[in-house]
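Right, one structure below, let's go through it.
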Amino acid sequence: MLIRLDIKKSSLSTWMMGFFTIILFLTGFYSDFFQAPIDINPEISRYRSLFQPGQILGIRELILKNNLGTFHFEKSATDPDTPWTMISPRKLPANSSLVKTILKDLNNVQIRSVHQSDAINIANYSLDSTSLEITLIGSNEKTSSLKFGLVNPLDNSTYVSLSDQDAIYHIDNISTTLNTLDLASFVDTRIFTFDQSSIESIKIFRGQKERKNISLLAEKNKMSWIGQQNLLLKTEAVKDFMGDLADLRSALILDKVSEELAQSIAEYLEKPNYEIVVTDNQNNSYTYLVSGLIRALPGVKLEKWQYFIIQPSNRTFPYVLNKKVLELFQRSEKRLRSFPVKKLFY
């Protein structure tokens with residue numbers, strides 16, 4: 001009896017050992033067969049990106065909607081210095097560097113995971129009442145709207161949906177905080193929008209240029225800069241001066257004017273205090289009319305004699321600036337010859 005019991009125990013142990021060996025083998029085979037590959041084929045890995053290669057480059061219009069408004073931008077083919085224009089809610093030159101940054105961020109978006117686009121997921125990921133949406137319009141008129149939903153602050157990720165795709169994507173959040181962007185963020189408030197490296201000459205006239213009363217001349221001559229009477233200017237000083245011009249910005253743009261205001265502006269610019277002419281290496285010439293100090297402008301609240309108007313030839317509207325920056329147009333060539341111009345901040 002004892003011998004028979006020991007035989008049964010031995011047989012049972014053998015069967016159990018064999019059973020676990022088979023399970024272990026099958027589990028190992030399953031894991032090896034279905035595990036994610038370490039090296040992903042480039043043709044497959046491209047689907048990690050939210051947008052197809054080259055899709056963002058073909059965008060000619062962008063509409064951004066957030067809690068602060070709806071902003072519509074259009075790519076400009078006529079103004080290389082400001083390649084993007086805002087067409088709504090105001091028609092103004094756009095902050096092109098910001099628009100480019102947004103498009104670059106979108107182009108670099110990587111997908112973490114994909115979820116089914118159903119009513120439950122749409123509600124769970126806050127895509128049913130989104131406050132942030134970007135619409136992209138390509139040169140082929142194809143439109144794609146990107147809705148942003150729930151943001152996970154712990155891993156800086158968010159959930160989005162595309163109008164032309166039936167899926168919800170878990171992605172890395174883009175670096176630009178789109179919900180805080182307002183009208184002021186999107187407007188290019190620069191007066192001088194030229195590329196400094198392309199400038200061939202800058203001339204500042206006292207009064208109208210027809211009077212030929214040049215107060216400052218900086219003209220490129222091969223690798224150096226010269227002023228009036230071919231006097232050599234200090235390159236670093238000229239670059240600093242151009243940098244100050246490029247940094248000049250205005251907080252007041254007169255893009256919407258009444259007939260009375262337009263007449264008043266025209267009177268101030270009819271006899272400008274200064275006329276500035278900038279020429280680039282493509283032989284493009286830009287003129288800037290600088291008025292005297294303003295006593296008053298109809299419908300515009302300004303302190304008397306504290307502001308002036310400047311009208312660029314490549315803009316359909318003038319800018320209003322504080323009189324403290326007039327010093328920039330009053331500099332003499334002697335300062336460009338003797339030492340670098342001190343950097344100003346506006």
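Worth pointing out:
- Two-site FRET efficiency, I111 against T176, from Cβ-Cβ distance with R₀ of 25 Å, rounded to 0.05: 0.85
- In terms of overall dimensions, the C-alpha atoms belonging to the stretch 51-157 reach 47, 31, 28 Å along their principal axes, ordered largest to smallest.
- Relative contact order of the stretch 103-147, taken over Cα pairs closer than 8 Å and 6 or more residues apart, is 24 percent.
- Applied to the stretch 82-99, the Karplus parametrisation 6.51 cos²θ - 1.76 cosθ + 1.60 on θ = phi - 60° returns per-residue 3J(HN,Hα) values of 10, x, 10, 10, 7, 10, 7, x, 10, 8, 9, x, 8, 6, 4, 5, 5, 4 Hz, with x for Gly and Pro.
- Each distinct pair of alpha carbons in the stretch 164-261 adds a 1/r term; the inverse of their mean, the Kirkwood radius, is 18.1 Å.
- Note that the stretch 309-314 has calculated 3J(HN,Hα) couplings of 10, 10, 10, x, 6, 9 Hz, one per residue in order, obtained from phi through the Karplus relation 6.51 cos²θ - 1.76 cosθ + 1.60 (θ = phi - 60°); glycine and proline are x.
- Measuring how big the stretch 155-204 is from its alpha-carbon positions, Rg and Dmax come out at 20.0, 60 Å.
- Qualifying GluC sites (Glu not before Pro) for the stretch 230-329 [loop in DSSP, other Cβ within 10 Å: at most 14]: E303
- Radius of gyration and maximum dimension Dmax of the stretch 126-170, Cα, Å: 11.8, 39
- Placing pseudo-labels 7 Å out from each Cα toward the beta carbon at R249 and S285 gives an inter-label distance of 3.1 nm.
- Two-site FRET efficiency, Q330 against N156, from Cβ-Cβ distance with R₀ of 51 Å, rounded to 0.05: 0.55
Every number here is computed from the coordinates shown, using simple stated rules; none is lab data. Everything numeric in this text was worked out from a predicted model, so none of it was measured. Backbone-built Cβ (ideal geometry, glycine too); neighbour counts: all protein chains shown.
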